[in-house]
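Accompanying notes for the structure given below.
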Amino acid sequence: MNYYVKMVNSVAVFLVVALCSFQVNAETMSIGNTYAGYASSDIETKYIDTATGNLVDKDTFAGLFLVNYEGYNTWGFCVDLNTPLVLGTVFDQSTEFQYTTTFDPGDYSNNDMLKVEWLLDKYGDEAYDNGEPYKNKSAALQLAIWEVLYDDDFQFVYTSGGPLSSLYEKYETYIDAFNNGFNSSYVSTGNYVVVDLQTNQGGDAQDIIVKVVPEPTTALLLGFGLLGLCAVGRKRA
């Protein structure tokens, strides 16, 4: 009987740990129609195009995407300034995007992706706030992500005293925190994947970094069930 108890205990521990550390790979994903941020008419950015070396003016969306990934809700941010998210209608809840591949952020083409992970670890959940994303925080964090990805050549253009002043101040807060807090000792948490998206119509969409988490309800239910088996086994023993 002791053998039975030990076996159940071992299986329970293994499965709970596996569930808590599991990263999900989705066949499809959808972008929510609630977009937390600012539209292209509100945000102007400039950055150096590495392919040409030229300074590029870019009107763009800046903010957080609500993502449905493998049947649960999470969030993501753009890591690709050059490619629009959607060709056609923007942020249609029913639109699904096929991924061509997913990358570990460390394997992505941009070598500064670890800096993005640092920002997301500190501020991503704050911007998302349990499913109620903050417009200013989300847009400011997106701009900070582009800043660390595109280095000092990236510029967020705004009018002092205008409606985006508070957004710029939050952006500066994130950049200052990064400059003072990020160092070479930071190690990737493994909580993110970079998703290379394609539209259903076959066109390119942008790459986004998505927080990947297990389904907590399923993990907890299975974990409690296994613990219950352990308790029964102990009682019989």
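Structure values in brief
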quantity	calculated
Among the candidates 49, 125, residue that is among the acidic types (Asp, Glu) and at pLDDT 80 or above	125
Unmet requirement for residue 55, which otherwise passes all of (1) open to solvent by 80 Å² or more (accessible area, probe 1.4 Å); (2) modelled with pLDDT under 75	(2)
Matching residues in the stretch 167-193 - criterion: being in contact (Cβ under 8 Å) with a residue 60 or more places away in the chain and surrounded by 13 or more Cβ atoms within 10 Å (Cβ to Cβ)	167, 178, 182, 186, 188, 190, 191, 192, 193
Residue satisfying all of: in the stretch 167-197; at pLDDT 90 or above and hydrophobic (A, V, I, L, M, F, W, C); farthest from residue 134 (Cα to Cα) among these	187
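Yes or no, residue by residue, for (1) surrounded by fewer than 21 Cβ atoms within 10 Å (Cβ to Cβ); (2) at pLDDT 90 or above; (3) within 16 Å of residue 45 (Cα to Cα):
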| residue | (1), (2), (3) |
| --- | --- |
| 106 | yes, no, no |
| 133 | no, no, no |
| 148 | no, yes, yes |
| 165 | yes, no, yes |
| 199 | yes, no, no |
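The values are calculated or read from the model by the stated rules, or taken from the named source; none is laboratory data. A quick note: this is a predicted structure, and the numbers were derived from the prediction, not measured. We place every Cβ from the backbone using ideal geometry, glycine too, and count neighbours over all the protein chains shown. Note: accessible area is taken over every heavy atom of the protein model, side chains too, but ligands, DNA and RNA are not part of it. Shrake-Rupley method; radii C 1.70, N 1.55, O 1.52, S 1.80 Å.
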